Amino acid sequence: MVELFFLPLLFLLTVGIATVAVMAGVGGGVLFTPLMLAFTGLDVNFVRAAGLALAMTDSVVGGRRYLKAGATKLNIVLFGSVALAVGSSVGAVLGVGIVKWFGVVGEAIVRIALGLLIMFVIYVMWKFRRKEGEIAKSSGSEWGRRLGLFGIFHDPALGKEVKYHARNVGYGFLCFFGVGFIAGMFGVGGGWAIVPTLHIVMGLPLKVSVGSSVASFVVGDMPGFWIYVNEGVVAPTLLAPVMLGPLIGATIGSKLALRVKTHVIRTAVLTVMAIASVNLIIRGLQQLGVI
């Protein structure tokens, strides 16, 4: 179980994670889960459930500014949430099953797989940085029209209205399902993948993509989190600081984001993720007796 003296430290850690995550434009879960599994002895399932809870809380708080700016459209959120919810449920069931069926070996597999996943996340975030300043241009698709995945967004930075119409809807749905599966299985947020999916694959403007991604994970991660609750592998004492920390951190981060250079923060985040991923793989190999 979780030692009580550790909870205040965990609260401060989640405040810091949420602050940096919002400033860097990534979900807090993608930092919290690998760090907890790499540098603490907490139960794998407890950490993954807490990671999903943190991602949902972070999304609720951080998403307010996008809702106020009109950068989030309900049709896009619902489209993504359906695929995310299904994928999250399947991933959570498999994730709990691996640990339950294989014991220590299962935990080792989860740690190694998460370490490799984080390395892939680092690669995606590093490549995607070059496209962040671009406004996606799209001719749209028939399914984008039928599902209402189009609209007009007033961009204050540009001082004009930006029209958008989603393309590659089928590929986008598959990507959402895959990200939901990863989020449910490993307990990490998926903003690192959903934003590129909406922006690059489906051709939506970046700010609409970010706002829709934030809102989608509030709903999309819930089924996966409920699987952990139903399996009885959720630690309430761990959830309290993990859900309270982001309430403060995300608020601080959203205010500091305008004053700090994003690339500096993102480089620091990627460095921390790289260290955590290497340590995850090492710990997993040690559990397997390989090293």
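So what's the net charge close to Ser81: Lys and Arg +1, Asp and Glu -1, counting the other residues with Cβ under 14 Å from its Cβ?
That works out to 0.
Quick check: net charge around Val219, other residues with Cβ under 15 Å of its Cβ, Lys/Arg +1 and Asp/Glu -1?
Cβ neighbours under 15 Å give a net charge of -1.
Given the pairs Lys127/Lys160; Lys73/Lys255; Lys163/Lys207; Lys160/Lys255, which span a C-alpha to C-alpha distance of over 18 angstrom in this model?
With Cα atoms farther than 18 Å apart: Lys127/Lys160; Lys73/Lys255; Lys160/Lys255.
Sorted by average packing, counted as other Cβ atoms within 10 angstrom per residue and highest first, what order do 108-116, 40-48, 8-16 take?
For the peptides 108-116, 40-48, 8-16, the packing ranking is 108-116, 40-48, 8-16.
If Lys and Arg each add +1 and Asp and Glu each add -1, what is the summed charge of the other residues whose beta carbon sits under 13 Å from the beta carbon of Val169?
Surrounding charge for Val169 is +2.
Where a number appears in this text, it was derived from the coordinates with a stated rule and is not lab data. On a predicted model such as this, the values are computed, not experimentally measured, just so you know. All Cβ positions, even for glycine, are placed from backbone atoms using ideal geometry, and neighbour counts span all protein chains on display.
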